[in-house]
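See structure below.
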Amino acid sequence: MEAIKIETGKSVALMRNDIDTDQIIPKQFLKNILKTGYGIHAFYDWRYLKESGRPNPDFILNKPSSKGATILVTGNNFGCGSSREHAAWAIKDWGFKVIIAGGYSDIFYMNCTKNGLLPIVLPQAARDILAKATPEETITVDLEHQKVKYNDREFAFDINPTWKEKFINGIDDIDLTMSHEQEIEAFEAQIPSFG
């Protein structure tokens with residue numbers, strides 16, 4: 001997993017509440033078992049015109065100013081709906097590294113943390129200010145000090161210390177397990193073999 005200590009980047013504001021996982025990545029795109037290739041289909045029903053299949057010029061992610069954005073600022077209850085891990089994969093594959101929302105479904109939140117996508121919870125007033133960032137401005141997420149910075153404003157956020165450590169050190173659950181490889185091997189060596 002790629003470490004995230006400080007992320008300074010452009011942002012996209014998608015200030016809708018209750019964006020569910022089917023809106024993030026519709027069911028017809030869940031055929032791939034890899035974690036890549038989903039970004040092109042992220043928010044598909046909003047990004048593409050139903051009649052022609054062409055990009056919707058009015059949708060924020062299709063605007064040239066959104067290209068290269070790494071921070072998504074959004075509404076409440078983000079990632080509700082089904083438990084598809086593909087939703088986190090799609091957002092990350094699009095290029096986002098951080099999501100700032102008013103809250104998340106529990107399963108989506110955990111899918112983000114296990115896939116290197118940092119989910120941050122901030123109140124509405126803070127997100128309303130961040131949503132005003134222009135394409136020329138950046139937002140900084142300082143995970144070590146648990147602050148989101150924009151212009152002269154700072155917003156503190158909470159995060160579970162275990163997830164904070166994993167993000168800062170760039171380790172996932174497999175890395176954590178492998179750090180105990182010698183102990184695992186020693187334990188396995190004590191198991192009698194039958195055969």
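Read the figures in this text as sums done on the coordinates, not as results from a lab. Just so you know, these numbers come straight off a predicted model, no measurement behind them. All Cβ positions, glycine included, derive from the backbone under ideal geometry; neighbour counts span all protein chains shown.
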- [ ] Tell me, rounded to the nearest percent, the portion of alpha carbon pairs in segment 47-108 spaced more than 13 Å apart.
- [x] 69 percent
Open item on the list: Please compute the contact order of segment 6-189 in relative form: average sequence separation of alpha-carbon pairs under 8 Å and at least six residues apart, divided by the residue count, as a percent.
Closed with: 24 percent
Task: Summed side-chain charge close to Lys164 - residues other than Lys164 whose Cβ falls under 13 Å, Lys, Arg +1, Asp, Glu -1 - done: -1
TODO: Excluding Thr8 itself, calculate the net charge of residues whose Cβ lies under 13 Å from the Cβ of Thr8, where each Lys or Arg counts +1 and each Asp or Glu counts -1.
DONE: +2
Task: With at most 15 neighbouring Cβ atoms within 10 Å, loop trypsin sites (Lys or Arg not before Pro) (DSSP) excluded, longest segment of the chain - done: 68-131
Open item on the list: Please state the shape class of segment 6-189: rounded when a/c is under 1.5, otherwise prolate if a/b exceeds b/c and oblate if not, all from the C-alpha gyration tensor.
Closed with: oblate
Task: Residue-wise HN-Hα coupling along segment 164-169, computed from phi with Karplus coefficients 6.51, -1.76, 1.60 (Hz; x: Gly, Pro) - done: 4, 4, 5, 5, 4, 8
Open item on the list: Relative contact order for segment 129-168: what percent, with Cα pairs under 8 Å and sequence separation of 6 or more?
Closed with: 27 percent
TODO: Order by neighbour count: Thr140, Thr162, fewest other Cβ atoms within 10 Å first, most last.
DONE: Thr162, Thr140
TODO: Would you calculate a helix-derived [θ] at 222 nm for the chain, using -39,500 (n - 2.57) for each DSSP H run of n ≥ 4 and dividing by the full residue count, to the nearest 500?
DONE: -7500 deg cm²/dmol
Task: Per-pair calculated FRET efficiency, R0 = 30 Å: Lys31 and Phe194 via Cβ, rounded to 0.05 - done: 0.15
- [ ] Between Arg153 and Asn62, take the C-beta separation as r, use R0 = 25 Å, and let me know the FRET efficiency to the nearest 0.05.
- [x] 0.30
Task: Residue (of Gln124, Phe157, Phe167) at the positive-pole extreme of segment 115-179, dipole from beta-carbon charges - done: Gln124
TODO: When a/c is below 1.5 the answer is rounded, else prolate if a/b is larger than b/c, else oblate, so apply that to segment 1-87 with a ≥ b ≥ c taken from the square roots of the Cα gyration tensor eigenvalues.
DONE: rounded
